[in-house]
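Please read the structure below before turning to the comments.
Each reported figure results from applying straightforward, stated rules to the coordinates on display, with no laboratory input. Owing to the predicted nature of the structure, the values given are computational and were not obtained by experimental measurement.
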Amino acid sequence: MPVLFVLRALRLGDLLVTVPALRALRHRWPGHQLVLAAPGGLAPIVREFGCVDEVCPVAGLDDRPGPAWRRPDIAVNLHGRGPASDRLLAGLAPGRQLGHGAYGPPWREHMHERDRWCRMLAAHDIPADPADLRLRTPEPASPAPGAVVISAGASHVSRHWPVDRFASVARALAERHPVVFSGTATERPRALDVADRAGLPRATVLAGRTGLIELAALVAGARLVITADSGVAHLSYAYATPSVVLFGPVPADRWGPPADGPHAVLSADRRRRGDPFADSPDPALLGVDAADVVAAAQAMAG
């Protein structure tokens, strides 16, 4: 069977923005084996896309695919603008390589990530719809159906909204709705701190106690999600779960929700520093008060 090899060796949120492009590739080459090079831990959610046949686990661009994937018929760069990602794919000696620059259209800096990859494919005469981002509801039941899910963590400190503000929001919403806290194992101490400050039981902290599919089920079955720009935010977009999302170093017009979804975006845009790797929260994030989030959340969740 011919092989269609696609590279996206990034985190959960980064992966979810490429779902429309992956589905377009599946539609264009239905007879190919579509292999996605991505972190192995994301394989459970990749199966929910309904378009990928196999995950080739890679931890980043320095983690080269094994010899089994040499000489794919087609290689597609959904990772970045190159040159490192282009070189990785060229090293596989594909029959055809698609991407930006030497392998496709010029890179355009200021555009939404979902649009970026669909635009790239369109330049190769592959129609792609950026709105095709929805995922089917996971089979496992949500561990907290109908709850307000608060995700207080993020991959970088620049996206860390203060824990005392998260606690104020949790305390206010807990008067009307059950509240639980999601996150990874490394984010669990921060989630516990928020719960303690909010006066909520530590049993409400699910961070570090759910696998990826359980997290997806939690988001899919939530009444509302409150989070910084993160993988959890992108899960809320994929399941059309109402969400309040706080943006800091990266603006919503680059990574935000679809315009037609039940999502509220909060950010003090004029204060943005714009460094996603800074060791302190972005001023655009700090410009959002707890009262702003409570008001948006109550408007959506009741």
Problem set entry | Mean-position separation - Cα centroids, region 102-149 and region 2-64, in angstrom | 12 Å
Problem set entry | In order through region 178-192: 3J(HN,Hα) via Karplus (6.51 cos²θ - 1.76 cosθ + 1.60), integer Hz, x for Gly, Pro | x, 10, 10, 10, 9, x, 8, 4, 6, 8, 4, x, 5, 5, 5
Problem set entry | Length-normalised contact order for region 87-219 - Cα pairs under 8 Å, 6+ apart - percent | 22 percent
Seminar exercise, completed: Interchain or sequence-distant (5+) residues whose placed amide H lies within less than 5 Å of the amide H of ILE226 are VAL149, ILE150, SER151, VAL244
Seminar exercise, completed: Long-range amide H partners of CYS56, meaning residues 5 or more apart or on another chain whose placed amide H is closer than 5 Å, are LEU36, ALA37, ALA38
Problem set entry | region 3-123: relative contact order in percent, alpha carbon pairs under 8 Å with at least 6 residues between | 28 percent
Problem set entry | Structure-based [θ]222 nm, the chain - -39500 (n - 2.57) summed over DSSP H runs of at least 4, per residue, nearest 500 | -8500 deg cm²/dmol
Problem set entry | Relative contact order %, the chain, counting alpha carbon pairs below 8 Å whose residues are six or more apart | 17 percent
Exercise. Once amide H atoms are built 1.01 Å from N in the peptide plane, which residues 5 or more positions from LEU98, or in another chain, come under 5 Å H to H?
Worked result: ALA75, VAL76, ASN77
Exercise. Under the Karplus relation 6.51 cos²θ - 1.76 cosθ + 1.60, θ = phi - 60°, what is the ordered set of whole-Hz ³J(HN,Hα) values for region 258-275, x standing for Gly and Pro?
Worked result: x, 5, 8, x, x, 10, 10, 10, 10, 6, 8, 4, 5, 8, 4, 7, x, 9
